[in-house]
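What follows is calculated from the coordinates using simple rules that are stated; it is not laboratory data. Computed from a predicted structure; not experimentally measured. With ideal geometry, Cβ positions are generated from the backbone for all residues, glycine too; neighbour counts draw on all protein chains shown.
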Amino acid sequence: MDDQQDPAPGTESATGAPSPAGDPEEARRAAIVDSLPRASDDTPLLAELQLDARRRIELRGRKFPRPPRTRVITVANQKGGVGKTTTTVNLAAALAQAGLQVLVLDNDPQGNASTALGIEHRAGTPSIYEVLVDGAPMHEAVQQSPDVPGLWCLPATIDLSGAEIELVSMVARETRLRTALDNYLTWRTDNGHERIDYVFVDCPPSLGLLTVNAFVVAREVLIPIQCEYYALEGLSQLLKTIDLIQAHLNPRLAVSTILLTMYDARTNLAQQVAEEVRTHFPEQTLRTTVPRSVRISEAPSYGQTVITYDGSSSGALAYLEAARELAERAVQATTRTDGVPVPATPAQEDQ
């Protein structure tokens with residue numbers, strides 16, 4: 001894999017991020033990484049073990065940089081089974097574990113994100129349904145994750161399955177989630193709570209009013225792409241949908257991040273899909289790929305993310321590295337001189 005080549009000593013970390021010069025902790029990590037045995041194309045198992053070892057050394061206990069403003073990211077793909085919810089909860093948990101304040105908005109009637117975060121979402125629980133349909137304050141429904149400090153979730157209950165129909169006749173039906181989130185961020189500030197650094201919105205695999213609300217609330221779209229042929233077919237339709245949202249409801253919306261999931265380096269198809277995506281979206285596609293992992297699949301059945309279920313597994317380390325890359329991109333954007341704006345929704349500029 002191109003993104004797993006050994007960096008030049010002292011110039012770049014094993015995960016591809018630049019290491020601060022003169023930092024003794026970085027120097028210690030680099031020295032340990034440099035002492036690992038070298039792998040070659042003839043030793044694929046050793047190469048995989050070496051990659052995990054490097055990630056473990058470089059990411060354990062590391063704090064990620066805070067973005068200048070609240071980043072609101074909708075995780076979307078109209079194709080089901082590509083890892084939207086899995087990506088949402090694991091990136092959120094990884095960022096929170098690294099010292100950031102993260103909020104997950106579970107906008108999918110299935111409520112799988114709420115399950116993975118260990119959040120109560122039985123019928124009757126205050127949820128995103130009351131926020132969207134009844135106009136209830138978001139702070140009355142947001143719950144804190146029991147496993148990760150700094151991680152919050154607005155749960156979804158079965159009631160949300162009927163929200164599509166109820167929203168049709170409502171005033172400002174496309175902007176109700178954005179209004180609720182803006183009010184919540186203001187409420188946190190007014191009540192002395194720490195600023196939210198990241199908001200992730202989990203979407204259902206369809207294009208309805210719930211998904212439209214998710215696109216309108218965000219400034220960024222993160223697209224998980226499964227490394228299989230059919231995943232590419234749905235991508236063009238998703239991009240057309242985003243163009244429509246940009247034209248009519250949210251002109252600041254943009255695809256900022258693409259994450260390759262369920263990657264199996266042993267298959268030519270996965271490598272071809274990854275190459276095609278990187279060719280068409282070189283700036284948006286993260287270097288990190290998320291492998292197929294039994295641990296990632298097992299974690300939700302225990303009401304956990306893979307980050308808390310088995311933090312040393314390949315899947316957890318991959319999501320930690322993807323989260324680090326996501327966080328560092330936000331900081332790098334502030335130092336660029338090409339006019340690229342720092343991601344933030346219009347109403348959240350001053351949060």
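List of remarks:
- Zone residues, the stretch 178-201, relative to A172, backbone N less than 14 Å from point 7 Å out along Cα-to-Cβ: 178-184
- Considering all C-alpha pairs of the stretch 138-274, those separated by over 21 Å amount to 54%.
- In plain terms, the chain from H139 to E328 could stretch by 65.2 nm, reckoned as 0.36 nm per residue minus the Cα-Cα distance.
- Charging the Cβ of each Asp and Glu at -1 and of each Lys and Arg at +1, and nothing else, the dipole of the stretch 275-320 about its Cα centre rounds to 80 debye.
- Overall form of the stretch 196-295 per C-alpha gyration tensor (a/c, 1.5; a/b vs b/c): prolate
- Near H248, once Lys and Arg are set to +1 and Asp and Glu to -1 for all other residues with Cβ below 15 Å from its Cβ, the sum equals +2.
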